[in-house]
1. Looking at W72, is it more than 18 Å from E87 (Cβ to Cβ), aromatic (F, W, Y), surrounded by 13 or more Cβ atoms within 10 Å (Cβ to Cβ) and more than 12 Å from the chain's Cα centre (by Cα)?
2. Limited to the range 18-38, what total is found for residues that are free of Cβ contacts under 8 Å to residues at least 12 places away in the same chain and assigned to a helix (DSSP H, G or I)?
3. Within the range 1-37, can you find the residues that are among the aromatic types (F, W, Y) and over 22 Å from V62 (Cβ atoms)?
4. Is it fair to say L84 is more than 21 Å from H104 (Cα to Cα) and either surrounded by fewer than 16 Cβ atoms within 10 Å (Cβ to Cβ) or modelled with pLDDT of 95 or more (or both)?
5. Which of the strands (runs of 3 or more DSSP E) found entirely inside the range 56-127 contain at least 3 residues meeting this: touching a residue at least 40 places away in the same chain (Cβ under 8 Å)?
6. Any residue that is in contact with a helix residue (DSSP H, G or I) (Cβ under 8 Å, 6 or more places away or on another chain) and under 18 Å from D17 (Cα atoms) - is there at least one of those in the range 61-80?
7. Scan the range 39-55 for residues that are in a strand (DSSP E or B) and of a type outside the set (F, W, Y) and jot them down.
Amino acid sequence: MAALTGISPVLLVADLDRAVEYYRDRLGFTCEVFGRPPDFAAARRDKAVILLALCNEPERIVPNWRIVHNIWNAYVRVDDVDALYAEVQERGAGIDYTIYDAPHGFREFGVQDPDGHDIAFGQPLNR
């Protein structure tokens with residue numbers, strides 16, 4: 001049987017350069033841009049990959065939290081959420097919600113990218 005080896009959310013963005021700058025400079029991802037003119041990017045950090053697709057109709061971009069209260073566009077599992085929290089704060093990423101122990105069994109925090117997408121970073125709690 002074939003094994004699933006990963007999953008990558010695709011986020012629509014109004015300005016690809018702005019999105020790449022955010023994921024690279026604020027969240028520490030390495031970004032590769034594709035297309036002429038550029039219209040797609042892959043943001044990678046360790047085993048996490050978030051794909052960014054340019055949307056020519058930015059008014060149609062609707063982050064999940066606008067439809068379902070407090071829901072993310074991507075949830076990234078990490079091995080040291082406290083260290084990542086300190087890092088992204090130092091990098092100047094705006095924190096959407098501060099680190100806490102969530103009732104669903106993760107210690108987590110969230111950021112919001114320039115297009116309003118909520119990205120959560122979480123580590124399973126040892127219960």
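The values are calculated or read from the model by the stated rules, or taken from the named source; none is laboratory data. Predicted, not measured: the structure shown is a model, and the values here were computed from it. When we count neighbours, we look across all protein chains shown, and the Cβ atoms used for this are built from the backbone with ideal geometry, even at glycine.
1. Details: more than 18 Å from E87 (Cβ to Cβ): yes; aromatic (F, W, Y): yes; surrounded by 13 or more Cβ atoms within 10 Å (Cβ to Cβ): yes; more than 12 Å from the chain's Cα centre (by Cα): no.
No: the conditions fail for W72.
2. The total comes to 1.
3. F29, F34, listed by residue number.
4. No, not satisfied.
5. 74-77, 118-124
6. Within the range 61-80, none of the residues are in contact with a helix residue (DSSP H, G or I) (Cβ under 8 Å, 6 or more places away or on another chain) and under 18 Å from D17 (Cα atoms).
7. Passing the criteria: A41, A42, A43, R44, R45, A48, V49, I50, L51, L52, A53, L54.
Results for (1) of a type in the set (A, V, I, L, M, F, W, C); (2) out of contact with any Cys (no Cβ under 9 Å at 6 or more places or on another chain); (3) over 24 Å from P103 (Cβ atoms), shown as yes or no for each residue.
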site: G6; (1), (2), (3): no, yes, yes
site: L12; (1), (2), (3): yes, no, yes
site: R24; (1), (2), (3): no, no, yes
site: V33; (1), (2), (3): yes, yes, yes
site: A42; (1), (2), (3): yes, no, yes
site: L54; (1), (2), (3): yes, yes, yes
site: E57; (1), (2), (3): no, yes, yes
site: P63; (1), (2), (3): no, yes, no
